[in-house]
1. When we measure straight from the Cα of residue 198, which aspartates and glutamates land under 20 angstrom away, once same-chain ones fewer than 8 places off are left out?
2. With only Lys, Arg, Asp and Glu charged, each at its Cβ (+1 for the first two, -1 for the last two), find how big the charge dipole of the chain is about the Cα centre; round to the nearest 20 debye.
3. What percent do you get for the relative contact order of the chain when only Cα pairs under 8 Å and 6+ apart count?
4. Relative to the longest principal axis of the chain, what angle (0 to 90°, nearest 10) does the C-alpha long axis of helix 167-187 take?
5. Calculate the spin-label point distance for residue 139 paired with residue 97, positioning each point 7 Å from the Cα along the beta-carbon direction, and give it in nanometres.
6. Using only the alpha-carbon atoms, how far is helix 137-148 inclined from the longest principal axis of the chain? Give it as 0 to 90 degrees, nearest 10.
7. Give the calculated FRET efficiency between residue 51 and residue 121 to the nearest 0.05, with a Förster radius of 41 Å applied to their Cβ-Cβ distance.
8. Share of Cα-Cα pairs in the stretch 86-228 beyond 26 Å, in percent?
Amino acid sequence: MKRYIVVLAAGFFATTSFSQDVLVRVYGKILNKKDSSAISTTLLYEKLPYYDDMGMAASAADGSYEFQLIKDTKYNIRVDNLDGYESFLEEINVEDDDGDLSATKDFFISPVEEEELIRLDNLTFARGSATIQSSSFTALNDFIEYINERPDVNIQLEGHTDFAGNADANMRLSEARVLAVAEYLTKNGVKKNRVTTKAFGGTQPLSIERTDEAKALNRRVEVRLIRQ
């Protein structure tokens with residue numbers, strides 16, 4: 001028990017007392033959210049709402065960490081700038097599990113997912129135009145089903161032409177084609193806010209040969225899958 005002298009008005013003094021803060025041993029592991037593998041890093045804590053108690057602890061090779069935090073108090077727990085992982089922030093309320101002034105708490109940190117790039121195969125347009133040929137509808141419908149099964153993913157449609165001919169015209173054609181694909185997708189069940197488009201014209205060929213096969217390879221629409 002701590003005792004304090006309190007100064008009152010008109011020169012009077014009185015004493016009062018306050019209970020010492022009760023500390024709880026908070027311990028657990030820092031784990032990869034994807035596969036529960038251990039993460040060795042620095043875990044930061046900040047007492048809320050005024051950040052008047054702050055500190056850190058390093059997790060061991062098996063991901064284990066330990067703090068001494070004030071009971072019945074809220075804290076922010078943070079991990080910043082961990083290579084390969086997203087920034088982590090979680091608010092906790094410190095309570096002991098069984099009245100023994102200890103509590104277990106594991107933290108799961110999400111790895112940064114690499115963007116995935118796929119090609120829309122069997123997608124064809126009328127020659128020199130942005131009109132999608134009907135033979136492409138089955139493949140597009142399959143893609144719609146695929147993407148709607150992944151609500152945590154947004155898509156960027158990226159249009160390419162071959163590099164022959166006028167560069168400005170190629171850019172306009174690639175833009176018109178990805179817009180046509182975006183329109184087809186959104187009219188058939190994909191939410192508009194999940195779809196963006198980008199045109200490259202003939203600036204990013206897969207082949208620099210001038211054969212018909214190479215030109216066909218360069219004329220494509222690719223989809224970049226972006227985790228939300």
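Here, each number is a calculation from the coordinates, and none is a lab measurement. No experiment lies behind these values; they were computed from the predicted model shown. Methodologically, a virtual Cβ is constructed for each residue, glycine included, from the backbone with ideal geometry; neighbour enumeration extends over all protein chains shown.
1. Answer for residue 198, where 20 Å is the Cα cut-off: 114, 115, 116, 121, 158, 162, 168, 175, 183, 222, listed by chain and number.
2. Values: 27 positive and 37 negative charges, 185 e Å.
With only Lys, Arg, Asp and Glu charged at Cβ, the dipole is about 900 debye.
3. On the way: 453 pairs, mean separation 37.9, N = 228.
Value for the chain: 17 percent.
4. 60 degrees
5. Taking the two extended label points, one gets 5.5 nm.
6. Roughly 0 degrees between the two axes.
7. On the way: r = 54 Å, r/R0 = 1.31.
It comes out at approximately 0.15.
8. On the way: 4062 of 10153 pairs.
Pairs farther apart than 26 Å: 40 percent.
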